[in-house]
Amino acid sequence: MFSYYIQLAIKSLKSTIGTTLLMVLAIACGIGISMTALTLNHMTGNNPISEKSDQLFAVQLQSTGSSSTWSTTDNVPEQLTYQDATNLMRALPELKHTPMYKTGFSVRTLDPEFAPVLRSSRVTTRHFFSMFDVNFLYGGPWSKTVDENPTFQVVISEELNDKLFGGGDNTGKEIFLNATTYQIVGITESWQPKPKFYDVNNGAFQSSEQLFIPFVLSSVYELQSWGNNNGWKEERVNNYQEKLASEILWTQYWAELPTKKDQDKFSQFLSGYVSQQQKLARFERDDAKGIIRNVQQWLDYNDVVGDDSYVLVAVSFMFLVVCLVNSIGLLLAKFLRNAPHVGVRRALGASRGQVFAQHLVEVGMLGLLGGLLGLAFAYFGLSLLKNNFDGFDFVASMDITMFLAAPIIAVSATVLAGIYPAWRVCTTLPSIYLKTQ
Amino acid sequence: MLVMSDINKVYQTELVQTHALRDFNLTVKEGEFIAVTGPSGSGKTTFLNIAGLLENISSGDYQLDGQSIVGLSDKELSRLRNEKIGFIFQGFNLIPDLNLFENVDVPLRYRGFNSKERKQKIEHALELVGLASRMKHLPSQLSGGQQQRVAIARALAGEPKFLLADEPTGNLDSLMAKQVMELLEKINKQGTTIVMVTHDAELARRAERNIQIVDGQLCDFTMYQGGATANEQEAIA
Amino acid sequence: MLHISPIFNAMMRNKSSVVLIIMQIALTLAIVSNAAFIIKERIDDMQRDSGIPETEIVGFSMYFYDEDVDITKQLQVDQQKIMELPYVVEATGINQLPLSGSGDSWGFRNQLEMEGALTSGAGVFAGNSNITQVFDQQITKGRSFRPDELVLRNSGADAPKVAIITQALADELFPDGDALGKYIYSIDLPFQVVGIMDKMQGPWVHSSLVEKTVLLPVLYNQQFIRFAIRVEPGEADTMIKNVQDILLKLENRRVINTASTIAEMKATSYQRDKLMTNMLMVIIAVLIFITALGIAGMTIFNVNRRQKQIGTRRALGASRADIQGYFMTESAMIAGLGIVLGIILALVLNNYLMTYFSSEALSFNYIAATLVGIILVIEVAVFLPALKASKISPAIATRSV
């Protein structure tokens, strides 16, 4: 019977080609625009490490002055001071947790002809790689010893390896970061989590760093943070050593806490640390506290998706509703005009349910056509975005969910919209239409 | 074949209540060819719609082929309509988007025959009305008489026991009307019961039995020759 | 001659399609008025005067990787070389670029004591003493920096003694309007306000600090530093093309990033707003188009369905204008109902946006303007079908089929 309904639907859609095109176009516009908005929203709302999202935790400390205000929803700064970061990293060695921040270097090989390139670098510990599932092409992270004793070792990314050496296993080779030589110990696979959840400081959709160096180098070697440096205390910071000892907030801190037990343990440790710092009168606030947030909570907390995105989704779905209401009107007109034929079918033995199903199949087909065209519209819209706005390469790309969502939303929305017209036509008494036309 | 007992049909609108059929009784035997006549507004159409299971009755009982239709669901009624009843309309009511083959196919689809059975039945029905050669044509390419023959083929394709015809020649010129009438008579001879509504007295006379509906009540000239006046008096009273 | 009541009765007999059109009009009104309002807000933001000649200023960042380079000295050498170019007006090494989205802000007070001080954050631009000329700033009160006020920040202890601030910051810290000559303090550093400029936006266009700007005569000894150059109008591209070669010839122990104009940086900073306005404009355009088509389609359908009725009316003496008027009136009545509902919906939507997305209260002007627009669109959409209806021959009434 279904195939018969499909044949009938094709005939019907063809016979009123003008109305059909108008409805397909209306649905396609609605789907196209709402899919564009939804894709932006969906991709910015992406959880790049969903499999470990509830095991990885961003660590925050309410370490600021009693009258300090922050733009975060709970008035707790996103970043830690250097001294807190180093204090935390020395504790709980049985758990993986690490401080980090972003800096940068001019990078060149030992070849004097090589024109230096400027690259950002992540300053962190060896745990970074296993915590965030960064895979290695060659070599691996630096050793525990290197994390404790300043050593000029570096992990570089596949991209930088290609740029510097044209690819290949170059572990063991040396490169210049600024004027210092570092030994390459590992080369990672290309790793570009979007959003860049572990550091949303300079924009959540920035590229990942291509260099990784040990955090302990910060203590012997002046490394400027390329992210936000937020001060709240009225203190003079004249040089790098003073910055390390200051209350300026500039490091990020992450912990991998796979079990509830680990999470409790870490939280307990944090509250202990906070009360110790309160006793030392370093943390001034009565509500000083440590907070951990898993990846999803952290992305929500930082409002990575943004208000605009939700407003656009809301407005575009209202727009879709208008397109559907428009289609309901046209469908109703079309179906009622065809009511005499329905009367004939009823007389010839079609049940109400069969007539209803026949019309819903037609509507569903309309939705499918509209959905596919809408998908094309959305694809076109997103490529326009990509071409006209910088940094939308990732965000303005449809993943498989979005590809499937477009026709599914289109078909279900139009079928929903078609229920009323189909119901109207199947409940009309057939006898009215059977006398003379 | 068809037994209507004490059927009442009342149309209710906000302002008026219309009694379309009142205490209507009719028995049609298998193989009969009955002509139903009556003035406009007498209840002919209502009778036809009820006989064809297109409208429900307000009260009374209607048995079709031994089965009471009172209380049946829409699905069951549709099934009965599909299996037992064939319709022929004054306006032919072919579906303009479908060609002849597809038009005749409609009731067979709802019956659930497989495609081989359907093809065979459609071809047979169209041969019967002499239009097998034009099965790919659209209704608009045919004359009125031909269209009505297609409608008859469609009505017969599912081999119903009972054919309901509503002014089948009303839109046709006399020559074509004659052809259609002959076709109906031929079908009746083959055993199909026919009830034909018409206001053409000449046409009605060709049927073996004539009944008249006046003000929603029945006057049967064949069987109750004398009773007609009595009924009419009752109606006046 | 308007027959309101028979039109209304006819409408009531055809409730569902009327309800659908009313819904469509109401939703259209609600969406369009709110979207137009958001667009206007964003465009206003984007068109704010930044106080600087955006297309004439070229900026770029560079990174000195060799610690042996004397950075503050090199910045002055670079400046001198660049200012020798015929198409360059002014140039300076600088810590940040306006409207670029990245830079420094400091907290300032109007007195040394923290207790009872007025405070405000401000974007801080640190450059050579010609910094006001580079950004083409008119000093409304006071004066520009003198060359001898420049501080080279080779050791941490030195700090400039003077500052030029924007009127917006002056108003914040000195509400009495007597900022000129007073001192402002950051941590324990005092700066005397020697000049007040009318307007110069800072690096973050979406920040509340954008209008609060401080200029300081100091060149930082920082590996990562920027440069700002004002060129003659139309010469920005030449400058962007040549600047890397020119500077690398002077000192090649540095990486110089691609230069761009402030106008280009501004475009990047506002790109989310641009995206929002573009999307909303597309939505509005398509929405109005679709609503118009839908209403035209329904009218055509109604006209076709009522052909005989129209013919009868014509036969009974209605003029063509009467028939056209009938359909125009009918659509106007439907539009009226849609509009009433639409205004309510628009306010509800705005309220939702205000509650959840810190949007502003919708000005009634937007509803009114949208309303007029929608009525026009509806009447235009109905005009042709109504005209067609008016041409239906009265003879149709006598035809039986």
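Readers should treat all values here as calculations from the given coordinates under stated rules, not as data from a laboratory. The structure displayed is predicted, hence computed values, not measured ones. Every residue, glycine as well, gets a Cβ built from its backbone with ideal geometry; the counts of neighbours run over all protein chains shown.
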Between A:GLN192 and A:PHE136, what length in nm is gained on full extension when 0.36 nm per residue of separation is reduced by their alpha carbon distance?
18.8 nm
Could you work out how far apart the two model spin labels at C:THR312 and B:ASP23 are, taking each label as a point 7 Å from the Cα in the direction of the beta carbon, and quote it in nm?
3.7
As a footprinting exposure proxy, order B:ARG81, C:ARG109, A:ARG337, C:ARG314 by other Cβ within 10 Å, with the fewest listed first.
A:ARG337, C:ARG109, C:ARG314, B:ARG81
Tell me, what does the Kirkwood hydrodynamic radius of the range C:66-252 come to in angstroms if you use every pair of distinct C-alpha atoms?
17.1
Cβ-Cβ cut-off under 14 Å around C:GLY234, Lys and Arg +1, Asp and Glu -1: the net charge is -3
Restricting to DSSP loop positions (anything but H, G, I, E, B) with no more than 14 other Cβ atoms inside 10 Å of their own Cβ, which GluC sites (Glu not before Pro) remain in the range C:323-383?
C:GLU360
Pop a pseudo-label 7 angstrom from the Cα along the beta-carbon direction at both A:GLN278 and A:GLU235 and give the gap in nm to one decimal.
2.0
Helix C:320-357 versus the longest principal axis of chain C: what angle, 0 to 90°, nearest 10, using Cα atoms?
40
Cα-Cα pairs of the protein assembly as shown separated by more than 48 Å (percent):
50
Which helices of chain A meet both criteria: a Cα extent of 24 Å or more along the helical axis and a mean Kyte-Doolittle score no lower than -0.5, with helices taken as whole DSSP H segments?
A:17-44, A:307-337, A:352-388, A:400-427
More than 26 angstrom apart: percent of Cα pairs within chain A
66
If you rank A:ASP264, C:ASP322 by fewest surrounding Cβ atoms within 10 Å, what's the result?
A:ASP264, C:ASP322
For chain C, averaging the sequence separation of alpha carbon pairs under 8 Å that lie six or more residues apart and dividing by its residue count, the contact order in percent is 27
Sequence neighbours fewer than 8 away in the same chain don't count; with that in mind, list the lysines whose C-alpha is under 21 Å from A:LYS196.
A:LYS52, A:LYS96, A:LYS102, A:LYS386
Provide a whole-number value for the mean count of partner chain Cβ atoms within 10 Å of the Cβ atoms in peptide B:74-83.
4
Expressed in nanometres to one decimal, the distance between label points 7 Å along Cα→Cβ at C:HIS206 and C:ARG272 is 0.2
Write down the percent of antiparallel bridges among all DSSP beta bridges whose residues are both part of the range C:66-252, to the nearest 5.
65
With an 8 Å cut-off on Cα pairs and a minimum separation of 6 or more residues, tell me the relative contact order of chain A in percent.
29
Can you list the HN-Hα couplings for the range C:164-179, worked out from phi with the Karplus curve (6.51, -1.76, 1.60; θ = phi - 60°), rounded to whole Hz and with x for Gly and Pro?
10, 10, 7, 4, 4, 6, 4, 5, 6, 8, 10, x, 7, x, 10, 5
Enter the mean number of other protein chain beta carbons within 10 Å of the beta carbon of each residue in A:379-388, as an integer.
1
Within 10 Å of each residue's Cβ, count the other Cβ atoms and sort C:ARG253, A:ARG236 from fewest upward.
A:ARG236, C:ARG253
Quick one: of B:LYS75/B:LYS121; A:LYS14/B:LYS136; B:LYS29/B:LYS119, which pairs are farther than 27 Å apart, Cα to Cα?
B:LYS29/B:LYS119
Send over the semi-axes of the range A:290-437's equivalent ellipsoid, whole angstrom and largest first, taken as the square roots of 5 times the C-alpha gyration tensor eigenvalues.
44, 16, 13
Evaluate peptide A:331-343: per residue, the Cβ atoms of other protein chains within 10 Å of its Cβ; return the mean as an integer.
3
Of all C-alpha pairs within chain C, those more than 39 angstrom apart amount in percent to 45
Take each complete run of DSSP H in chain B, measure how far its Cα atoms stretch along the helix's own axis, and keep only those covering 27 Å or more with mean Kyte-Doolittle hydropathy at least 1.6; list them.
none
What do you get for the angle between helix C:364-390 and the principal long axis of chain C? Use alpha-carbon atoms, 0 to 90 degrees, nearest ten.
40
May I ask you to order B:41-50, B:188-197 by the average number of other C-beta atoms within 10 Å around their residues, highest value first?
B:41-50, B:188-197
If contacts are Cα pairs under 8 angstrom and at least 6 residues apart, what is the relative contact order of the range B:2-236 in percent?
29
Using the Kirkwood formula on alpha carbons, the hydrodynamic radius of chain B in angstrom works out to 18.5
